[in-house]
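Structure, as structure tokens:
The values are calculated or read from the model by the stated rules, or taken from the named source; none is laboratory data. The shown structure was predicted, so the numbers you read here are calculated from the model rather than taken from an experiment. No Cβ is skipped: glycine too gets one built from the backbone with ideal geometry, and neighbour counts run over all protein chains shown.
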Amino acid sequence: MTREILIAGFGGQGILFGGKALAYLGMVNNLEVSWLPSYGPEMRGGTANCHVIISDKPIGSPIVVSPTDLIVMNLPSFEKFKKNVAKGGNIFADSSLIDKVWSRKGINKYDIPATQMASEMGNSKLANMILLGKMLSTMDSVFMETIKKALEMSIPPSKMHLLDINLKAIEAGFNYN
Amino acid sequence: MKGNEAIAEAAIRANCKHFFGYPITPQTEISAYMAKRMPRIGGVFLQAESEVAAINMVYGAAGAGVRVMTSSSSPGISLKAEGISYIAGADLPCVIVNIVRGGPGLGGIQPAQSDYFQAVKGAGHGDYKMIVLAPSSVQEVVDCTFDAFDLADKYRVPVMILGDGMLGQMMEPVVFPEKSPKCEQKDWATCGTKNKRKPNIINSLYIEPQDLERLIIARQQRYNAIAEKEVRFEKENIEDADIVLVAYGTTARIVKAAYEKARKNGIKAGIIRPITLWPFPEKIIAETAQRAKAIVCVEMSMGQMVEDVRLATGGACPVGFYGRAGGMVPEPEAIYDVIRRYV
């Protein structure tokens with residue numbers, strides 16, 4: 001099993017954090033993982049993306065060129081990366097922010113109004129977790145079972161009071177149809 | 001753990017108690033980590049007023065016999081070059097980290113390997129060498145950091161850990177080895193005589209040419225010993241390979257993706273990944289050049305290590321090159337196309 005995940009959006013949407021949670025999720029399941037952020041003058045407002053690989057084999061290149069999974073949270077990133085998604089791969093798009101109808105044979109596109117759902121939950125910053133939850137619904141159930149542990153490892157101690165609400169957002173995404 | 005943080009944590013575990021630095025992207029996490037941890041373990045963290053100051057603080061601390069490290073990225077290493085030459089001239093051990101970004105000048109902040117010449121051919125003046133270690137994963141970053149301190153002490157030379165922005169910023173799981181650092185007694189250090197011995201003198205100025213030559217020759221002999229004993233590299237399937245790829249650091253991982261595709265498609269490809277850039281693994285490349293149809297060097301530069309590869313082959317086989325620069329990272333597909341051109 002190898003999932004090559006690209007998470008892309010605006011800085012401030014929790015792009016890097018979402019990736020970090022996935023990397024820890026791989027780690028708690030004894031898989032090989034790598035996490036590579038875009039860095040530089042990209043925080044808050046600019047584009048941000050992060051490459052995560054989870055695999056049962058040692059990871060060669062940490063760069064995700066053609067993702068098996070694209071979690072995408074703004075239109076520019078969607079336009080930029082949609083054509084790179086591997087055949088049979090998944091796109092998890094925040095349809096609150098990406099109002100484009102697009103489909104391609106062999107690509108599973110999931111449109112989730114994540115930002116809107118997150119706002120209804122009281123915190124629009126949870127949109128990343130909602131999309132992550134939807135992605136977990138396409139994976140082995142063991143990942144959903146261990147996501148709490150992964151979050152406990154990836155949330156800094158000063159933010160630990162947000163653990164429950166993050167878990168709720170993941171569940172909401174997981175159950176969204 | 002991030003590559004940068006892994007360097008800092010490994011250094012502390014290798015008994016490095018002194019760190020002097022000046023922030024620069026993409027390696028600032030090393031300083032940040034040291035700033036947090038050093039006070040807690042009774043060490044010294046100091047953000048100097050400049051890179052020049054930081055390397056001279058390293059010079060002083062190394063002279064006093066403690067394990068000491070500094071880190072920077074390309075433009076900052078250029079500033080440190082003078083101090084590195086002095087440290088080499090005074091035969092002092094220390095560890096210098098360069099998390100390379102695009103250059104020349106201020107360049108960019110994305111990953112590059114364009115400081116190869118600076119690292120292995122000497123950034124500063126004079127007849128000196130520096131051991132250069134080039135890890136390719138966060139785990140290897142940890143292992144190399146331990147080794148760097150041991151090698152520096154063993155040979156009394158500065159050792160450089162050469163990474164790139166990608167390695168510094170990426171996160172991978174790491175295991176820290178359960179080993180107590182080898183800390184040799186440094187009887188040459190200037191750490192107080194307590195009225196029990198003659199003072200030690202640390203110096204890099206020798207006015208008498210015969211004195212200076214004697215010293216340089218003795219140092220050269222140490223360099224020869226390093227070149228003989230400390231070469232490190234990794235190889236894969238080079239025995240039957242028609243085409244052998246040479247790459248170091250994170251580039252080697254990208255090359256590996258192209259190599260695997262080539263093997264899958266029936267192309268006999270192999271990889272040599274130098275871990276020490278100085279001493280350079282010239283022997284294995286010379287041997288390989290006798291068998292292979294071609295060697296291709298891949299770098300994130302316009303071609304620097306490729307010169308050492310060509311020297312090592314002695315013209316026994318053609319040496320090709322593929323490189324990206326300025327913070328652009330080569331893609332496996334492009335490397336694969338280069339491989340196909342040679343078979």
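Points worth noting:
- When residues in the range B:186-243 are screened for being out of contact with any Pro (no Cβ under 7 Å at 6 or more places or on another chain), surrounded by 10 or more Cβ atoms within 10 Å (Cβ to Cβ) and among the hydrophobic types (A, V, I, L, M, F, W, C), 13 of them pass.
- Any hit, the range A:35-51, residues being closer than 15 Å to residue A:128 by Cβ, within 9 Å of chain B (Cβ to nearest Cβ) and of a type outside the set (D, E, K, R): yes
- Answer from B:91, B:127 - the residue that is closer than 24 Å to residue B:187 by Cα, among the acidic types (Asp, Glu) and surrounded by fewer than 22 Cβ atoms within 10 Å (Cβ to Cβ): B:91
- Residue in the range B:172-179 that is within 29 Å of residue B:30 (Cβ to Cβ), of a type in the set (Asp, Glu) and away from chain A (no Cβ under 14 Å) present: yes
- Criterion (in contact with a Gly (Cβ under 8 Å, 6 or more places away or on another chain), over 30 Å from residue B:211 (Cα atoms) and touching a residue at least 40 places away in the same chain (Cβ under 8 Å)) met by exactly one of B:21, B:102: B:102
- Residue among B:248, B:223, B:259 that alone is in the same structural domain as residue B:161 (by TED's automatic domain parsing) and aromatic (Phe, Trp, Tyr): B:223
- Residue selected from the range A:47-91 under the condition assigned to a loop (DSSP other than H, G, I, E, B) and of a type in the set (Val, Ile, Thr), by the criterion farthest from the chain's Cα centre (by Cα): A:59
- Cross-chain or 6+ apart pairs with Cβ under 7 Å, the range B:328-339 first and facing chain A (nearest Cβ under 7 Å), then among the small types (Gly, Ala, Ser) and surrounded by fewer than 16 Cβ atoms within 10 Å (Cβ to Cβ): none
- Residue A:20 meets all of the listed conditions (1) at pLDDT 95 or above; (2) in a strand (DSSP E or B) but one, namely (2).
- For the residues B:254, B:272, B:295, B:285, the requirement of being of a type outside the set (Phe, Trp, Tyr), within 18 Å of residue B:116 (Cβ to Cβ) and within 13 Å of chain A (Cβ to nearest Cβ) singles out B:254.
- Matching entry among A:18, A:46, A:106 (being within 30 Å of residue B:139 (Cα to Cα) and in contact (Cβ under 8 Å) with a residue 12 or more places away in the chain): A:18
- When the test is whether a residue is more than 30 Å from residue B:322 (Cβ to Cβ) and either buried (at least 17 other Cβ atoms within 10 Å of the Cβ) or among the small types (Gly, Ala, Ser) (or both), residue B:165 does not pass it.
- Of all residues in the range B:244-288, those satisfying the criterion of being farther than 24 Å from residue A:57 by Cα, crowded, with 22+ Cβ neighbours inside 10 Å and β-branched (Val, Ile, Thr) are B:276, B:285, B:288.
- Residue ranges of strands (runs of 3 or more DSSP E) in the range B:18-87 with at least 3 members surrounded by fewer than 23 Cβ atoms within 10 Å (Cβ to Cβ): B:44-47
- Condition check for residue A:148: of a type in the set (D, E, K, R), farther than 13 Å from residue A:72 by Cα and surrounded by 14 or more Cβ atoms within 10 Å (Cβ to Cβ): yes
- Scanning the range B:280-338 for residues that are at pLDDT 95 or above and acidic (Asp, Glu) yields B:282, B:287, B:299, B:307, B:308, B:337.
- Residue in the range A:92-115 that is nearest to the chain's Cα centre (by Cα), counting only those that are among the aromatic types (Phe, Trp, Tyr) and modelled with pLDDT of 95 or more: A:92
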